[in-house]
Amino acid sequence: MAVKKPKIVVSQDVYETLCRMIDARDGDPAAELLLDELERAKRVKPGKLPRDVVTVNSKVTFVVQSTSKSYTYQLVYPQHVSGNAQALSVFSPAGSALLGLSPGQSIDWPVKSGQSSVIEVTTVEPPEKG
């Protein structure tokens, strides 16, 4: 039986940017999982996204429940990963899982073929204003 996924929220501008990127990655399984998440997300106007919701450029701390290990990364678009050890692509399995979550929420997410892991968000720092 599938576990019910938590409610998530994304800003309209991030939604539109990611949809364009997904269209360019036709047939990519990671992109398809991300699209599924975007399609079920509540979309809000830019500037109306709660500060504690994971979005692109948020710094997020999360725990992988199977290992109890905690990680802190900045969620970024794929082109901003290179050379940044603290960056996590929104197209990666963990990045797709984290998008739209808030502290205390968790999600069971596929990480490898036939395997999944429960990821729980513990803290979110909003993106810095440019």
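The values are calculated or read from the model by the stated rules, or taken from the named source; none is laboratory data. Not measured: the values here are computed from a predicted model. With ideal geometry, Cβ positions are generated from the backbone for all residues, glycine too; neighbour counts draw on all protein chains shown. Note: accessible area is taken over every heavy atom of the protein model, side chains too, but ligands, DNA and RNA are not part of it. Shrake-Rupley method; radii C 1.70, N 1.55, O 1.52, S 1.80 Å.
Just one residue in the set Tyr73, Tyr77 is without any contact (Cβ under 8 Å) to a residue 60 or more places away in the chain, open to solvent by 10 Å² or more (accessible area, probe 1.4 Å) and aromatic (Phe, Trp, Tyr); that residue is Tyr73.
Residue pairs whose Cβ atoms lie under 8 Å apart, sitting 6 or more positions apart in sequence or on different chains, and linking a residue in segment 10-27 that is part of a loop (DSSP other than H, G, I, E, B) to a partner that is open to solvent by less than 80 Å² (accessible area, probe 1.4 Å), are Arg25/Ala31; Arg25/Phe91. Any residue that is more than 18 Å from Val118 (Cβ to Cβ), part of a strand (DSSP E or B) and not hydrophobic (A, V, I, L, M, F, W, C) - is there at least one of those in segment 73-88? Yes: one or more hits.
When Leu101, Leu75, Leu38, Leu34 are screened for being within 11 Å of the chain's Cα centre (by Cα) and under 21 Å from Lys129 (Cβ atoms), only Leu75 passes. Residue-level check: of (1) in a loop (DSSP other than H, G, I, E, B); (2) free of Cβ contacts under 8 Å to residues at least 12 places away in the same chain; (3) charged (D, E, K, R), Asp36 misses just (1). In segment 117-130, the residues that are free of Cβ contacts under 8 Å to residues at least 12 places away in the same chain and over 18 Å from Tyr71 (Cβ atoms) form no Cβ pair under 7 Å with any partner that is open to solvent by 60 Å² or more (accessible area, probe 1.4 Å) and assigned to a strand (DSSP E or B), whether six or more places apart or across chains.
When Pro46, Pro6 are screened for being closer than 19 Å to Val124 by Cα, of a type outside the set (Phe, Trp, Tyr) and touching a helix residue (DSSP H, G or I) at 6+ places or on another chain (Cβ under 7 Å), only Pro46 passes. On the given criteria, is Arg43 open to solvent by 60 Å² or more (accessible area, probe 1.4 Å) and assigned to a strand (DSSP E or B)? Here the answer is yes, as Arg43 does meet what is asked.
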